[in-house]
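Structure first, then comments.
Readers should treat all values here as calculations from the given coordinates under stated rules, not as data from a laboratory. All of these numbers come straight from a predicted model, not from anything done at the bench. Positions of Cβ are generated from backbone atoms using ideal geometry, with glycine treated the same way; all protein chains shown enter the neighbour counts.
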Amino acid sequence: MSHSFLRESKLYIVYGGNKYRIYTTTAISFSQTFAEDSYPVKTLHDQSKMFEGSTITKANEANFSFDVPLTIEKDESIVMDLISDLVDSEQLKSFDIYIQTGSSTFKIENCIVATATFMFNPREQFKISVEGQGTKLTRAGDENYSIPGSAQSESSTRTPLLVYPVVSVDSLNMSSIIGTTLTIQNDITWTPYETLQESLAVTSVSNAMFPSAYTIPGRVVSGAIRQYQTDNNITQFDDFSTNSNITLKAVQVGKADSDSGFFSININPAMFTARMNVENTYTQSYDFRSLDNTALGTRITQYS
């Protein structure tokens, strides 16, 4: 008997006929559930049937999440590509995920990214937290299953990257920063896919109904900037704006804040509201959101 351990899991992304090994933390999660419909079975002639019957004919969308630490070699560029822009007809870039354990290989089909969060925290490795959905989760094979796609070359080294945030918000003083986050969130609505004819034909998982199409009613690019309150910025704690230019940079530790940064994104125009937090040391937060739907790929000015 062989057990599967999370720490031994390997994650692969297959996109455009290419296969990418993605080195993640142990924060990998994936699952899919089935939807149950219950119905009463009590009749006028048999009042003893107090429990309801059940039918299961369709699956909910599969969910997955993982954290990707970014490295100086940038072997994780495919992740950045998949979360940045829409494709034709306002659809997200679709890919397959394979998770290989010590005894199994699992596949999630037609995956799309729902949320990606960048964390710019001093003294912590720069990473992206990715959450998404797919149409179908299956066990593709055992641990020796051959994952399809042309394997992309990997760098001979993997160098962890420690960064600190450098933020520009118009003319505001953005020193004494504690941490910054940036979130790309897609509002995904799966199209109803259950039909009476197909539901009557369902006998097992093999012919159950799975989701296949979706729409994106909205997209939000937002984040927060936290800084210590000092005598240089105390007048900003109740500030707001609906037309600001915000630039976020992740600068490698050891380099000057004037450096172009390992990663940089410009959000213009943007809105923000500032609020004060009463703690042992007073802090204040700027909650911001993009006001423009321009492709995100053109906003990321540094990462290649």
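By its C-alpha gyration tensor, with a ≥ b ≥ c as the square roots of the eigenvalues, how is the range 55-193 shaped: rounded for a/c under 1.5, else prolate for a/b larger than b/c, else oblate?
Details: a/c = 2.38, a/b = 1.47, b/c = 1.62.
Oblate, since a/c reaches 1.5 and b/c is not below a/b.
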Given points 7 Å out from each Cα along the Cα-Cβ axis, report the residue 292 to residue 125 separation in nanometres with one decimal. 3.4 nm
Net +/- balance of residues flanking residue 7 in space, Cβ distance below 15 Å, scoring K and R +1, D and E -1: -2
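Report the chymotrypsin sites (Phe, Trp or Tyr not before Pro) located in the range 69-176 that are in a DSSP loop and have at most 15 other Cβ atoms inside 10 Å of their Cβ, or state none.
Working: sites: 95, 98, 106, 118, 120, 126, 145; in loops: 126, 145.
Answer by residue number: 145.
Which shape class, rounded, prolate or oblate, goes with the range 181-304 when its Cα gyration tensor gives a ≥ b ≥ c as root eigenvalues, a/c under 1.5 marks rounded, and past that a/b bigger than b/c marks prolate?
Values: a/c = 2.83, a/b = 2.24, b/c = 1.26.
Cα axes put the range 181-304 in the prolate bin.
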Not counting the cut sites, what is the longest span of the chain without GluC sites (Glu not before Pro) that DSSP labels loop and that have at most 15 other Cβ atoms within 10 Å? 195-278
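Work out, step by step, the length gained on full extension between residue 242 and residue 275: first 0.36 nm times the residue separation, then minus their alpha carbon distance; give nm to one decimal.
On the way: separation 33, 0.36 × 33 = 11.88 nm, distance 1.53 nm.
Gain on stretching residue 242 to residue 275: 10.3 nm.
Calculate the dipole size of the chain relative to its Cα centre from +1 charges on Lys and Arg beta carbons and -1 charges on Asp and Glu beta carbons; express the result in debye to the nearest 20. Don't skip to the end; give the middle numbers.
Numbers: 22 positive and 33 negative charges, 97 e Å.
In debye, rounded to 20, the chain gives about 460.
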With the cut-off at 1.5 for a/c, could you classify the range 55-117 from its C-alpha gyration tensor as rounded, prolate or oblate? oblate
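Charges at C-beta only: +1 for Lys and Arg, -1 for Asp and Glu. How large is the resulting dipole of the range 224-304 about its Cα centre, in Debye rounded to 20?
280 debye
Give, rounded to the nearest 20 debye, the magnitude of the charge dipole that the range 126-226 has about its Cα centre when Lys and Arg contribute +1 at Cβ and Asp and Glu contribute -1 at Cβ.
Details: 6 positive and 8 negative charges, 59 e Å.
Here the size comes out at about 280 debye.
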Projected label distance in nm at residue 301 and residue 154, using a 7 Å step from Cα toward the beta-carbon: 3.5 nm
Run the helix sum for the chain: -39,500 (n - 2.57) per DSSP H stretch of 4+ residues, divided by residue count, reported at 222 nm to the nearest 500 deg cm²/dmol. -1500 deg cm²/dmol
Rounded to a whole number of µm²/s, how large is the Stokes-Einstein D of the chain at 20 °C and 1.002 mPa s, given Rh as the Kirkwood radius over C-alpha pairs? 97 µm²/s
State the answer as a single residue: which of 252, 164, 211 lies farthest towards the positive end of the charge dipole of the range 150-254, with beta carbon charges of +1 for Lys and Arg and -1 for Asp and Glu, about the Cα centre. 252
Take the cross-link list 58/127; 10/136; 19/249 and give me the ones stretching past 28 Å between alpha-carbons. 58/127; 19/249
So what is the relative contact order of the chain, in percent, for Cα pairs below 8 Å that sit 6 or more residues apart? 16 percent
When the Debye formula is applied to the Cα atoms of the range 81-148, each taken as the same point scatterer, what base-10 log of I(q)/I(0) results at q = 0.15, 0.20, 0.27 Å⁻¹? -0.64, -0.89, -1.09
